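Each remark here refers to the structure printed beneath this line.
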Amino acid sequence: MRVRVTARGWTAVWMVVLGLTQAAAFVVLWRFAMHTGTGQWLDTVALTGNRIGQDRIDGLVNRVLNAMSVVSLLAATATIGFIALIRGRKALAVAATLLIAGANVTTQLLKYGLGRPDFGIDPDRVYAGNSLPSGHTTVAASVAVALILVLPARVRALGAFLGAAYAAVAGVATLSAGWHRPSDAVAAFLVVGGWAALAGFLLLVFQREQAQVSSEEAHRVAAAVLGVGGLLAVLASGLALASLLDQQQVPADELSRRPLFIGYAGSAAGIAGTMGVVAALVLVSVHRLVPRWKG
């Protein structure tokens, strides 16, 4: 019994560290993207570059974004809760619902509560105000992460890949449609990741004494693919965006096609990579948060 409690204690510490780390990353991103000229310029370059090839993907982008609504979010939440309940996991149903509701409410509060200073970098959108985090991206990511938590172990890895891909596509779609800056989508993933850590901590608090952690349900390979792939995409994004900094004095709408494409493609890679890392962190921990029961 002492071994099980100790393992659960270390997992609880891990959840706290994950939550605090993602909260800190959100603050750093917010300060850089909104309160520095460099951050605002990079976001504006990515948004300006979204027009490259936009006519080819308009249909897909519209389908992805138009599928997200309050009704669809409620339906997805109900489905996820139902999956947890038919598995006999009441605490899991509550935690997954809390994750989705908490992440989406937090995003709306932050979006309307945070101010965006005007540095004269993006005059076309100065009256739009703050758009960080992205609501559509939060919807997609919160449903994807909650799905990883509630799915049975045998299909969990597949669900993680599909959910992460869907959330990444949704995040990039908001950029492609011109609805959101890339930092908005990345911030949304961090909000969801923070709530996932809190949901995981609550699952540990209410974990049954009959819980039996199995290393066979760890999905380490799938988590490594998502995590390493995500980190490589984030690194590529950082290198691509850093290569543009020597042109920072040029207004975004006066840049040539090449730097605009680098800004857009690099930002898209950063969005997708961040979601991969968030999904990997959930997948690598979920076998301890939702273990099998003895008997």
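Here, each number is a calculation from the coordinates, and none is a lab measurement. These figures come from a predicted structure and were not determined experimentally. Methodologically, a virtual Cβ is constructed for each residue, glycine included, from the backbone with ideal geometry; neighbour enumeration extends over all protein chains shown.
Comparing VAL28, ALA218, VAL45 along the charge dipole axis of the chain, the residue lying farthest to the positive side is ALA218, per the Cβ-charge model. Placing +1 on the Cβ of every Lys and Arg and -1 on the Cβ of every Asp and Glu, with nothing else charged, gives region 2-293 a dipole about its Cα centre of roughly 1260 debye. The HN-Hα couplings worked out from phi for region 235-243 by the Karplus form 6.51 cos²θ - 1.76 cosθ + 1.60 (θ = phi - 60°) are 4, 4, 4, x, 5, 5, 5, 5, 5 Hz, whole numbers, x standing for Gly and Pro.
From most to least packed by mean Cβ count within 10 Å, the peptides 174-182, 217-225, 190-198 give 190-198, 174-182, 217-225. Using alpha carbons only, the radius of gyration of region 220-295 set against its Kirkwood radius gives Rg/Rh = 1.27. Taking other C-beta atoms within 10 Å as the exposure proxy, ARG87, ARG8, ARG156 rank ARG87, ARG8, ARG156 from fewest upward.
Compared with the rule-of-thumb size 2.2 N^0.38 Å for a compact globular protein, region 118-186 has a Cα radius of gyration ratio of 1.39. Remark: LYS111, LYS90 ranked as LYS90, LYS111, counting other beta-carbon atoms within 10 Å and listing the fewest first.
Legend: ranking of residues HIS136, HIS287, HIS35 from fewest to most surrounding C-beta atoms inside 10 Å; resulting order HIS35, HIS287, HIS136.
The chymotrypsin sites (Phe, Trp or Tyr not before Pro) of region 199-287 that DSSP puts in a loop, and whose beta carbon has at most 13 other beta carbons within 10 Å, are PHE206. The C-alpha atoms of region 2-293 occupy a region whose extents along the principal axes are 64, 36, 33 Å, arranged from largest to smallest.
Diffusion of region 20-148 by Stokes-Einstein, at 4 °C in a medium of 1.567 mPa s and with Rh set to the Kirkwood radius over alpha-carbon pairs, works out to 76 µm²/s. Within the listed set ASN66, ASN104, ASN50, the residue fluctuating most in the Gaussian network model of the chain (springs between alpha-carbon atoms under 10 angstrom) is ASN66. Close amide H pairs (under 5 Å, H built 1.01 Å from N) link ARG292 with GLN212, SER214, residues at least 5 positions away or on another chain.
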